[in-house]
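Trainee: First the structure, then my questions, so here it is.
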Amino acid sequence: MRKANAAAHKATAATGTLVASYNVHKCIGVDRKFDPERTSRVIREIDPDVIALQEADNRFGDRDGLLDLPRLERETGLVPVPISATGKGHGWHGNVLLFKKGVVRDVHQIRLPGLEPRGAVVAEIELNGSETLRIIAAHLGLLRHSRSQQARVVLDLMSSPDEKPTLLLGDLNEWRLGNRSALNTLHATFGPQPPAVPTFPSNLPLLALDRIMTNRHGMIAAVEAHDTPLSRVASDHLPLTAFVRL
């Protein structure tokens, strides 16, 4: 089955851009081993055109980045969207957005409200000479009230549902439905989405914490978890992938 899925990816790649979202859990696997090289191998397995990483920096102190980004660029062609963060971190509150080919037209770093320090990276990228795509890479909080506030901030970045094509990639930490769910707030702009795909915990995924969402009907397809022997142990989340048609 996994070989069939890989073949389907290759067949679809000619008509789509492969995007992914991956909470790398500070490069600590379910075996409790800190192994950044293993995390990088999972990213190489995916071979995405665009990927949003969460928890790619240490949480405290200088928030040091945990991956060898120059090596990752040499091996995959992925380069990080430039940000103006201080310290030695790769990204903004642990969020890193990487892409292969394109031109970054604009970048913003957004602080998200809540008791925990959370953030989002918002980039406008012209991918392969196509239409400019806005990408929001975010990691929402563990507390329900904070997630609702954070979802409203994400929506405030967009003045209307019919504006430029926008992707939301990230660990939304939300599996609940209903009026009290942050997903319900996001549906106001992002609308109905493909069926949720469980990604957590990685060794027996039951909860759809990670999401790839868009404000354009039919723009994303083939949403699935990247489930391999390596990804099941490298983090407590499985990566989530999808194809985007611009």
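Trainee: Among the residues of segment 163-197, write down those that are touching a His at 6+ places or on another chain (Cβ under 9 Å) and within 17 Å of Asn95 (Cβ to Cβ).
Mentor: Those that are touching a His at 6+ places or on another chain (Cβ under 9 Å) and within 17 Å of Asn95 (Cβ to Cβ): Gly170, Asp171, Leu172, Asn173.
Trainee: Now for a different question. Within the group Arg232, Arg147, Arg211, which residue is under 14 Å from the mean Cα position of the chain (by Cα), surrounded by 15 or more Cβ atoms within 10 Å (Cβ to Cβ) and basic (Lys, Arg)?
Mentor: Values: Arg232 fails: under 14 Å from the mean Cα position of the chain (by Cα); Arg147 fails: under 14 Å from the mean Cα position of the chain (by Cα).
The match here is Arg211.
Trainee: For Met158, are the conditions met, namely being assigned to a strand (DSSP E or B) and touching a helix residue (DSSP H, G or I) at 6+ places or on another chain (Cβ under 7 Å)? Walk me through how you get there before you give the answer.
Mentor: Details: assigned to a strand (DSSP E or B): no; touching a helix residue (DSSP H, G or I) at 6+ places or on another chain (Cβ under 7 Å): yes.
When the stated conditions are applied, Met158 does not pass them.
Trainee: Only one of these is of a type in the set (Asp, Glu) and either at pLDDT below 90 or within 19 Å of Asp171 (Cβ to Cβ) (or both): Glu124, Glu131, Glu73. Name it.
Mentor: Working: Glu124 fails: either at pLDDT below 90 or within 19 Å of Asp171 (Cβ to Cβ) (or both); Glu73 fails: either at pLDDT below 90 or within 19 Å of Asp171 (Cβ to Cβ) (or both).
Residue meeting the stated conditions: Glu131.
Trainee: Of all residues in segment 89-112 being part of a strand (DSSP E or B) and touching a Leu at 6+ places or on another chain (Cβ under 6 Å), which is modelled with the lowest pLDDT?
Mentor: This residue is Val96.
Trainee: Somewhere in segment 121-140, is a residue among the hydrophobic types (A, V, I, L, M, F, W, C) and open to solvent by 20 Å² or more (accessible area, probe 1.4 Å)?
Mentor: First, the residues of segment 121-140 that are among the hydrophobic types (A, V, I, L, M, F, W, C): 121-123, 125, 127, 133, 135-138, 140.
Right, trim to open to solvent by 20 Å² or more (accessible area, probe 1.4 Å) and you get none.
No, every residue in segment 121-140 fails to be among the hydrophobic types (A, V, I, L, M, F, W, C) and open to solvent by 20 Å² or more (accessible area, probe 1.4 Å).
Trainee: Which condition does Ala8 not pass, out of (1) small (Gly, Ala, Ser); (2) within 23 Å of Arg134 (Cβ to Cβ); (3) modelled with pLDDT under 95, if it passes all the others?
Mentor: (2)
Trainee: Something else: Looking at segment 105-118 only, could you name the residues that are crowded, with 19+ Cβ neighbours inside 10 Å and either within 14 Å of Gln54 (Cα to Cα) or of a type in the set (Ser, Thr, Tyr) (or both)?
Mentor: Looking only at segment 105-118, we keep the residues that are crowded, with 19+ Cβ neighbours inside 10 Å, and these are 110, 112, 118.
Hit for segment 105-118 is Arg118, nothing else.
Trainee: Filter segment 194-220 down to the residues that are part of a loop (DSSP other than H, G, I, E, B) and more than 15 Å from Pro239 (Cα to Cα) and list them by number. Full working, then the answer.
Mentor: Taking segment 194-220 and keeping what is part of a loop (DSSP other than H, G, I, E, B), we get 194-199, 201-206, 208-209, 215-219.
Pro194, Pro195, Asn215, Arg216, His217, Gly218, Met219 - these are the residues of segment 194-220 that are part of a loop (DSSP other than H, G, I, E, B) and more than 15 Å from Pro239 (Cα to Cα).
Trainee: Return the total of residues in segment 16-41 being of a type outside the set (Gly, Ala, Ser), touching a residue at least 40 places away in the same chain (Cβ under 8 Å) and out of contact with any strand residue (DSSP E or B) (no Cβ under 7 Å at 6 or more places or on another chain). Show your work before the answer.
Mentor: In the first step, residues of segment 16-41 are kept if they are of a type outside the set (Gly, Ala, Ser); the result is 17-19, 22-28, 30-39, 41.
Okay, now just the ones that are also touching a residue at least 40 places away in the same chain (Cβ under 8 Å), so 17-19, 22-28, 30-31, 35, 38-39, 41.
Cutting the leftovers down to out of contact with any strand residue (DSSP E or B) (no Cβ under 7 Å at 6 or more places or on another chain) gives us 25-26, 30-31, 35, 38-39, 41.
Of the residues in segment 16-41, 8 are of a type outside the set (Gly, Ala, Ser), touching a residue at least 40 places away in the same chain (Cβ under 8 Å) and out of contact with any strand residue (DSSP E or B) (no Cβ under 7 Å at 6 or more places or on another chain).
Trainee: Scan segment 102-128 and report the pairs whose first residue is touching a residue at least 12 places away in the same chain (Cβ under 8 Å) and over 20 Å from Thr17 (Cα atoms) and whose second residue is part of a strand (DSSP E or B) and open to solvent by 40 Å² or more (accessible area, probe 1.4 Å), with Cβ atoms within less than 7 Å and a gap of 6+ or a chain change.
Mentor: So the pair list comes out as Gly119/Gln109; Gly119/Arg111.
Trainee: If you check Glu224 against the conditions, is it part of a loop (DSSP other than H, G, I, E, B) and open to solvent by 10 Å² or more (accessible area, probe 1.4 Å)? Walk me through how you get there before you give the answer.
Mentor: Numbers: part of a loop (DSSP other than H, G, I, E, B): no; open to solvent by 10 Å² or more (accessible area, probe 1.4 Å): yes.
No.
Trainee: Would you pick out the residues in segment 48-79 that are in contact with a strand residue (DSSP E or B) (Cβ under 7 Å, 6 or more places away or on another chain) and part of a loop (DSSP other than H, G, I, E, B)?
Mentor: Taking segment 48-79 and keeping what is in contact with a strand residue (DSSP E or B) (Cβ under 7 Å, 6 or more places away or on another chain), we get 48-57, 63-66, 69, 73, 78-79.
Result: Pro48, Asp49, Glu55, Ala56, Arg63, Asp64, Leu66, Leu78.
Trainee: Within segment 30-45, take every residue that is crowded, with 20+ Cβ neighbours inside 10 Å and over 13 Å from the mean Cα position of the chain (by Cα) and give me the one that is nearest to Ile212 (Cα to Cα). First the steps, then the outcome.
Mentor: Filtering segment 30-45 for residues crowded, with 20+ Cβ neighbours inside 10 Å gives 39-40, 42-43.
Okay, now just the ones that are also over 13 Å from the mean Cα position of the chain (by Cα), so 39-40, 42.
On the way: Thr39: 20, Ser40: 21, Val42: 18 Å.
Per the criteria, the residue is Val42.
Trainee: Which residues, taken from segment 163-177, are at pLDDT below 75 and either under 18 Å from the mean Cα position of the chain (by Cα) or open to solvent by 40 Å² or more (accessible area, probe 1.4 Å) (or both)? Give the derivation first.
Mentor: First pass over segment 163-177, keeping only residues at pLDDT below 75: 163, 176-177.
Scanning segment 163-177 gives Arg176, Leu177.
The values are calculated or read from the model by the stated rules, or taken from the named source; none is laboratory data. Note that the structure is a prediction, hence the values are computed from the model and not measured. A quick note on method: Cβ atoms are made from the backbone with ideal geometry, for glycine too, and the neighbour counts reach across all protein chains shown. For accessibility, only protein heavy atoms count, side chains too; no ligands or nucleic acids. Shrake-Rupley method; radii C 1.70, N 1.55, O 1.52, S 1.80 Å.
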